[in-house]
Amino acid sequence: MSQNIINARVTFRNSPIHILEKFTIRDVEGAYSQFKEHSGLDECVIIQTCNRIELFGKSRNFDQEKFKKTWASLAGLDEEIFDENLEIDENYKAFHHLLKLTSGLDSMVVGEEQILGQIKNAITTARNTKASGQHLNTLFDKAIRIGTRVRNSSGIGQGGISVGSMAVKLAEENIDELKFKKILLIGTGEVSTLVAKSLQRRGYNFAVTSRTLERSQTFCETMGGEPVKFENVLSGFENYDVLFVATTAPYFLVTYDRITNAVEKRKNGMMILDLSNPRTVDERVATIGGIKLMNLDQIAEMVEKNMNARLNKVKTVENIINEEVTVLEASMKRLDAEPLVKDVFQNIDSLRKKELEKALSMLDEKDEKKIKIIEELTKAVVESIVSTPMNNIRKASEQGEPDLLEVASKLFDYNKTEQK
Ligand SMILES: NC(=O)c1ccc[n+]([C@@H]2O[C@H](COP(=O)([O-])OP(=O)(O)OC[C@H]3O[C@@H](n4cnc5c(N)ncnc54)[C@H](OP(=O)(O)O)[C@@H]3O)[C@@H](O)[C@H]2O)c1
């Protein structure tokens with residue numbers, strides 16, 4: 001009768017980014033129905049970021065092989081690739097992992113905020129499309145609340161720096177009088193937002209470009225900066241001293257030839273910070289005289305070094321998670337008992353109402369006050385008889401004793417073991 005919560009994941013911990021990307025599920029809504037139909041899952045939430053592709057599921061009959069087959073077919077992969085990249089956890093370990101995610105402990109940059117927003121979006125989408133249900137909705141709501149509380153109480157998110165702020169800091173450290181330099185930001189996505197926020201906060205002027213001018217304009221309205229046309233930028237890198245590049249373009253936008261041309265026209269060097277993964281800047285530009293190139297790995301390494309304050313808090317957060325996960329596990333197990341408890345209460349209450357009506361009509365009672373007293377009496381009798389066994393069933397379920405649930409199902413003639 002008990003339900004299993006499953007977490008299956010491919011993350012940066014086991015898989016380099018170029019392998020990780022292959023597991024991406026493009027049609028998430030379609031995937032939800034495929035996983036439900038073919039792998040014994042009856043609830044599903046998919047979380048995808050540039051560092052992880054994760055699926056949480058609820059199942060009584062999870063079939064790992066069929067699950068891999070389904071994912072392989074959705075992503076167009078051979079099943080063998082899963083052997084080295086896929087991790088699967090169930091129940092306690094899956095809850096523990098989700099708490100690490102919401103608290104920021106499993107992030108590449110420990111304590112970073114973005115993952116919490118990405119998880120909130122994932123459960124909202126799953127909820128709206130009915131891919132998730134009572135179990136996963138409860139699990140995610142609780143995990144998000146715990147993660148937020150842990151972050152606030154431990155300060156794990158403080159004292160650190162985002163890749164965006166680090167990139168700006170590196171530019172400041174490497175370039176004299178950055179305030180007087182021409183800065184260009186290529187991209188208008190999440191990472192560009194972090195860069196723009198940091199530039200804005202430090203009072204730098206900057207230009208922003210994206211494939212469509214409208215998108216750059218909208219971006220600049222909220223994030224600051226001056227929108228510029230993409231085509232003009234690609235043929236005119238010589239107009240800029242510093243480039244921040246954060247796009248998901250599958251090819252180099254900042255090519256060797258374009259930068260060679262730019263350098264020929266410029267008198268001074270340039271600094272290029274490529275925050276993209278896969279890279280959007282051809283690494284060979286680093287060999288051009290006067291060009292200082294930093295890529296995401298180098299920026300992330302600097303971020304890590306800056307993380308000492310956060311890393312000191314990791315142990316505290318781990319301790320809190322270890323305490324919270326047992327409470328979370330108990331409330332998830334308790335959910336297993338709820339359909340039976342609800343069913344028993346409903347059945348007994350309808351019997352009570354039926355008998356009450358019969359008795360009142362036999363008494364031919366019209367006095368509202370007396371009717372109320374008799375009704376309250378029936379409720380009190382039912383409540384005092386049923387509450388204790390139902391609470392014991394809930395407790396047994398919490399404590400992982402499904403046997404009592406089985407017995408209670410037989411006793412109360414609860415024949416809905418296939419309920420989801
Ligand atoms: N999000 C993270 O946590 C994180 C952390 C570190 C690094 N990164 C890396 O940073 C990069 C950007 O990530 P993001 O999260 O900011 O992505 P995002 O929010 O999806 O934004 C992607 C940006 O790339 C642009 N773009 C896509 N294809 C393009 C193309 N062919 N030519 C020019 N521009 C193109 C999009 O502009 P349009 O409006 O033109 O589509 C958009 O501005 C990625 O390579 C990612 O791996 C992400």
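Bear in mind these aren't lab numbers, they're just calculated from the coordinates by the rules spelled out. Since this is a predicted model, take the numbers as computed values, not measurements. FYI the Cβ positions are ideal-geometry reconstructions off the backbone, even for glycines, and counts take in every protein chain you see.
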Total lysine pairs under 21 Å (Cα atoms) in the stretch 336-411, excluding pairs fewer than 8 apart on one chain: 24
Alpha carbon centroid spacing (whole Å) that separates the stretch 369-408 from the stretch 285-356: 33
Contour excess over end-to-end distance, with Cα ends at Asp176 and Lys197 and 0.36 nm allotted per residue: 5.5 nm
Qualifying GluC sites (Glu not before Pro) for the stretch 98-179 [loop in DSSP, other Cβ within 10 Å: at most 16]: Glu113, Glu177
Rounded to 10°, Cα long-axis angle of helix 296-305 versus longest principal axis of the chain: 70
Gap separating the Cα centres of the stretch 21-98 and the stretch 246-267, nearest whole Å: 38
Coil-residue GluC sites (Glu not before Pro) of the stretch 40-90, DSSP, other Cβ within 10 Å capped at 14: Glu79, Glu80
Nearest-ten-degree value, helix 91-103 long axis tilted from longest Cα axis of the chain: 40
Principal-axis tilt of helix 308-363 within the chain, Cα atoms, nearest 10 degrees: 30
Rounded FRET efficiency, nearest 0.05, which uses the C-beta distance separating Asn312 from Ser387 and R0 of 60 Å: 0.80
Residue list for the stretch 111-133, given a label point 7 angstrom along the Cα-to-Cβ vector of Asp141 and an amide N cut-off under 17 Å: 120-133
Förster radius 51 Å - calculated FRET efficiency between Glu264 and Gln134 (Cβ-Cβ, nearest 0.05): 0.20
Gln217-Glu283 FRET efficiency (beta carbon distance; Förster radius 30 Å; 0.05 resolution): 0.40
Linear extension gain, Asn239 paired with Asp349, 0.36 nm per residue minus alpha-carbon span: 31.8 nm
Pair Asn322, Ile371: separation of 7 Å Cα→Cβ label points (nm): 6.1
Protection-proxy order for peptides 205-212, 299-306, each taking the mean of Cβ atoms within 10 Å per residue, highest first: 205-212, 299-306
